[in-house]
Structure formats: C-alpha cells, structure tokens
C-alpha cells in the first residue's frame, strides 16, 4: 500500500508529464510510465460522531406537534413521540441531540418537566411576546404556553430510540447552580440512591440516564444573561465547581459564541484558572501556525486533525474532545 505522500507525488508527476508530453514528444515515454493508484480502503482518520449533532428547542412547533404528538394522538407515535421523526432520526444516526434550547434553556426549570404528566405546571414560553416593541400579537398554541408534557424523561427516551447521545443545556440566567447539579443528580444518580433518583423511577425510569454532555447556559452574551466574558467566566466556574459525577465522565460545554471576541483570553483565563491560561497560551501560539497551514490542512484531513489537537484548547469549538 502506498503512502499519501507517494500517491500525491505520483499523481502530480502524472499530470505534469501528460501536459508536457503534448508539447515535447521526447518526454512522452516518461509520461507513459506514470500511474495513478486509487486507494479506496485507505484510512484517513476518525470523525468525531458529535460533529453530526442535532438540536431541538421549545420554539414554535418543534416540540409540540413536531417531536411530541401525545400517546392518544391519531398521528402514528411511539409513546407520544412522532414515529416518522423517530424513524428519520434513526436513519441519519445523530451523534448528539441538544435540548431544551437555545434561548429557551435559560428560562426553563427542569423540575416543571418531571413527575406525573397531568400534574406538571403550564408556563409561559420564552418565545411568547419576546419582542414587545414590535407590537406583535402573541401566537396561540403550545409555543406560547408550554404544558411541559415533553420533559427530561421524554427527551432521554427520544435519544434512546434514535441512538443519539443526550446533550442537555442548563439554565444559567434564571436558576442557581444548585438546580444544575441536582438536574445531573436526577439524571445520573444510581437507582434508589437519592430522592431525585426515586423521583426519576416514579416516572418509569429507574436506571440512570448517564448524561455526559452538559451545556453551561446558552448564548451568554445575549438571551443567556447579557454577560461580559468575565461575568460568564465567573458563572461557568461557579456552576461547575462541584457536580456529582456518579462514574460518568461529564463534559461541560460553554455557551456558543456569536462573535469570536466573546471567547477571548479574558474568558479562557477566568473560566478555569491556570488550566485555561495554559489553553489560551496554546491557542495564542498556535493561531499563526493554524493560519499558515489553513489552506493545506483543508486539503489534508489528517494534517488538519493533528493541528487542531495540538494547537486548539480543549472545547474551544463548543464540544469537548475525547
């Protein structure tokens, strides 16, 4: 089996030789000796399955009448989940599935969506009347008043049916850190170990969910709290200072960035002390190299993967590296 370097060299020689042979007959014999070998089974690299993730939010009809139609619906469903959607998700094999938002996440109280469905409270959705200056009439329906029929257990069940790893975005803007780690406890504590794991079992799920990916807020520069980088770094550090793991390798994911300036040296330095300062230094020193090799790395996935691993801090692209 030939190496990539040998393959590219042979290909370049073949093309150049072919072009020269048109004008210089004496070189035709040399061009005839060049070959192009196509290696269909050559491994290039492993693509992280998390790249092929998806996202559902309590926005418009995405959840209600989209994902969730209800057990008594005439629409074909699997325990209330739209069957055609479940089947479609199975076919595309999503790596992760993010929920409950989006901006909705930072107004969502996870306790509203657990327990007996008929006793869950109805809440005003984040997206209802969110632009009062526009004098826009509020839209009727579930997108305005959320019945909380689709909560944590239903989301986990949807992930299990589709094969996606659950990725939960926690509320940083309007709930304290205690609610964050207790949500982790509800999801991941062993069966019968705590009151929250018993609450999970009372809803039909005694086994822990093993949720690995946890978003610490969403869009912190805007709907997630209008934080400055320093303010969000403080919140990130506070929310992740102590979280029970229950044997699950938790991955904390910072709020997405709308502009690069939000995730800068200040945020990296403040979010996790010396570890992030070292990461920032790697980012700063590696940036010129990444820029210099950007065009080449786009053509060579192996090189690109090596550069990213070497010069990008863990999680700077929004997902934790393995």
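Readers should treat all values here as calculations from the given coordinates under stated rules, not as data from a laboratory. For clarity, every value in this text was computed on a predicted model and none was experimentally measured. Note: ideal-geometry Cβ built from the backbone for every residue, glycine included; neighbour counts use all protein chains shown.
The table that follows gives values for the structure above.
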item	result
Convex hull of segment 67-216 built on C-alpha atoms - directionally averaged projected area, nm²	9.9
Angstrom value of the Kirkwood radius, inverse mean 1/r, which spans all Cα pairs in segment 61-124	13.5
Two-site label geometry, residue 71 and residue 55: point separation in nm, points 7 Å out along Cα→Cβ	3.3
Those residues of segment 48-77 whose amide nitrogen sits under 19 Å from the label point placed on residue 179, 7 Å along Cα→Cβ	57-59
Fewest-first ranking of 40, 175, using other Cβ atoms within 10 Å as the exposure measure	40, 175
